[in-house]
Ligand SMILES: Nc1ncnc2c1ncn2[C@@H]1O[C@H](COP(=O)(O)OP(=O)(O)OP(=O)(O)O)[C@@H](O)[C@H]1O
Ligand SMILES: [Mg+2]
């Protein structure tokens, strides 16, 4: 007996539906896509019981004639493409003719529609893929699609749906992602007849950002634009301080289609590089506009993944867009500038090591004798306006700013300064090396031994000379001068561990060495600093490329405006 048979149309369409529709939110996404393709500028979504009871989408788009209405629930029926070649430059959201038949095969669906140039509209009822009725109906122009009892005929599927609250959250997410890309379209969302979101149309993309990302985030965002070969990027970037441990606030769009794309996410993280700690994601919205022929949208059943023909250009354009935009945030934007005006720092001779590289400064900063000893030689302070207040716990620098308090993490700040000067030094192959008079003996594990053997030439470039002494013992013969008198044992073990860590390897060997060196070479928390040293540290910080974060992405400073402080003390409410 033959084992292979053709599945019935009913089973086949349920299988197809399973790929397109997996929960109420995917129905909402498909219906909103259709409304936008139909040219609607007003879309209202209503759900009940997390969309498990009802999903209704009402639009004022072009509507459908009776014949089209009958056809739209057939598989592979679409008005959006005609030939196979159209598939390679899809300009609409839909192109497969799959969404409505899929939805109709797993629910009780009712579609009421009227094109604006026809007097009478039509209502179609279809249940579990079976046509129940089609009749003339009086209705506004546009289309209303009501999807009831999703998966009523596939109990196994229905069982997998989550609590109404969770499904509602997914619907809100899908709805918001769509609305973010179409500020010119009015969007409404109601749950059990209660309005959840009401977004009037606007010609200002910022209004949408406000409504969906929250005022605080939206106001902090900077807008960035960049053009590449047949590519335009528009990005809205929240500062790195607002980053999150999940990537749920990274929104990526290709020709206004919301997508999830690892390459683009990676590019965004790369653009924020060193401003984010490991495992953190920024809040960012990135719109990619490209010639539809340059991107394949037909790679995933939910159309949420795409393939770029020139993914390298996409990657690089996004990175450069974000990098440039974030580096526009100069200390002046952040507010260091007024503090650094000459009259506010140190007025006498500018510090003895002002012209020296940072590592000399690190040396001096570590010296046990305070550089400024007597009270009399303290820099004069302004009574009002920006000034250095002093140190807190020998760890944080406190400054009075025009608008409040600035707290600087001295270690993080110096780490950034040292890192950048080391990097510059490395570029010019000028990392200062100090030979140790008495080589330092070091015991390594077998694994570390192999690693050090392999990398010893590379480490030499940084001034770290390790010589094999026999067995697992190595001699540390020279070190980068900047490190002065660090704990060799702990420095080397951290360095080797960091370099052997695969997850860090992506950052690149030399960057990892520089980071560990900067961390160990920078002044520590708990180190007392004179006012002069503090002033000098701030000047140097001001000169760095990324004065906001240490090389590991930790923030360097935090500001508290008078307003925030006054709120804290309930002087204002
Ligand atoms: N809201 C609407 N207003 C007007 N016409 C619509 C609407 N929704 C669907 N249609 C018509 O029904 C057709 C079928 O819709 P369906 O979503 O099944 O397929 P599609 O959008 O063409 O492709 P895809 O399966 O990729 O979404 C569409 O091509 C369109 O002509
Ligand atoms: Mg569609």
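The values are calculated or read from the model by the stated rules, or taken from the named source; none is laboratory data. Please read these numbers as outputs of a predicted model, since none were measured by experiment. Ideal geometry is used to build each Cβ from the backbone, glycine not excepted, and the neighbour counts take in all protein chains shown.
In the range 1-15, what count of residues is obtained for those that are more than 16 Å from ligand 1 (Cβ to nearest atom) and surrounded by 18 or more Cβ atoms within 10 Å (Cβ to Cβ)?
0
For the range 89-199, give me every one of the strands (runs of 3 or more DSSP E) that falls completely inside it and has 2 or more residues that are over 30 Å from residue 15 (Cβ atoms) and away from ligand 1 (no atom under 16 Å from the Cβ).
Values: elements: 108-114, 121-127, 130-137, 142-148, 186-191, 194-199.
In the range 89-199, 130-137, 186-191, 194-199 are the strands (runs of 3 or more DSSP E) which contain 2 or more residues that are over 30 Å from residue 15 (Cβ atoms) and away from ligand 1 (no atom under 16 Å from the Cβ).
Can you pull out every residue in the range 277-309 that is surrounded by 20 or more Cβ atoms within 10 Å (Cβ to Cβ) and part of a loop (DSSP other than H, G, I, E, B)?
Within the range 277-309, 282, 283, 297, 303, 306 meet the criteria.
I'm trying to understand the selection: among the residues of the range 16-43, which are more than 12 Å from ligand 1 (Cβ to nearest atom) and closer than 23 Å to residue 164 by Cα?
Selection gives 18, 22, 23, 24, 25, 28.
Output the qualifying pairs, or none if there are none: Cβ atoms under 6 angstrom, residues six or more apart or on different chains, first residue in the range 88-100 and within 22 Å of residue 57 (Cβ to Cβ), second residue in a loop (DSSP other than H, G, I, E, B) and within 11 Å of ligand 2 (Cβ to nearest atom).
Correct list of pairs: 92/80; 94/80; 95/80; 97/77; 97/78.
Scan the range 381-408 for residues that are outside any strand (DSSP E or B) and either at pLDDT 85 or above or over 16 Å from residue 539 (Cα atoms) (or both) and jot them down. Step through it out loud before you land on a result.
If we filter the range 381-408 for residues that are outside any strand (DSSP E or B), which is where we start, we get 381-386, 393-395, 402-403.
If the condition is that a residue be outside any strand (DSSP E or B) and either at pLDDT 85 or above or over 16 Å from residue 539 (Cα atoms) (or both), then 381, 382, 383, 384, 385, 393, 394, 395, 402, 403 are the ones that fit.
Kindly check whether there is at least one residue in the range 194-203 that is touching a helix residue (DSSP H, G or I) at 6+ places or on another chain (Cβ under 8 Å) and closer than 23 Å to residue 282 by Cα.
The answer is no; no qualifying residue exists.
Within the range 466-499, how many residues are free of Cβ contacts under 8 Å to residues at least 24 places away in the same chain and surrounded by 16 or more Cβ atoms within 10 Å (Cβ to Cβ)?
1
Filter the range 42-88 down to residues that are part of a helix (DSSP H, G or I), out of contact with any strand residue (DSSP E or B) (no Cβ under 6 Å at 6 or more places or on another chain) and within 16 Å of ligand 2 (Cβ to nearest atom), then give me how many there are. Let's see the steps before the verdict.
Step one: of the range 42-88, the residues part of a helix (DSSP H, G or I) are 49-51, 66-72, 84-88.
Next, from what is left, pick out any that are out of contact with any strand residue (DSSP E or B) (no Cβ under 6 Å at 6 or more places or on another chain): 49-51, 67-68, 70-72, 84-88.
Next, only the ones that are within 16 Å of ligand 2 (Cβ to nearest atom) stay: 68, 71-72, 86-87.
Within the range 42-88, residues that are part of a helix (DSSP H, G or I), out of contact with any strand residue (DSSP E or B) (no Cβ under 6 Å at 6 or more places or on another chain) and within 16 Å of ligand 2 (Cβ to nearest atom) number 5.
If you scan the range 194-221, which residues turn out to be closer than 30 Å to residue 293 by Cα and either buried (at least 16 other Cβ atoms within 10 Å of the Cβ) or without any contact (Cβ under 8 Å) to a residue 12 or more places away in the chain (or both)? Break it down into steps so the answer makes sense when it comes.
The initial filter retains those residues of the range 194-221 that are closer than 30 Å to residue 293 by Cα, namely 201-206, 208-209.
Selection gives 205, 208, 209.
Residues checked against (1) within 16 Å of ligand 2 (Cβ to nearest atom); (2) surrounded by 19 or more Cβ atoms within 10 Å (Cβ to Cβ); (3) at pLDDT below 95:
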| position | (1), (2), (3) |
| --- | --- |
| 98 | yes, yes, yes |
| 114 | no, yes, no |
| 119 | no, no, yes |
| 134 | no, no, no |
| 148 | no, no, no |
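Given the criterion at negative phi and touching a residue at least 40 places away in the same chain (Cβ under 8 Å), identify the matching residue among 112, 106, 120. If you could, list the steps in order and put the result at the bottom.
Details: 112 fails: touching a residue at least 40 places away in the same chain (Cβ under 8 Å); 120 fails: touching a residue at least 40 places away in the same chain (Cβ under 8 Å).
None of the others qualify; the one that does is 106.
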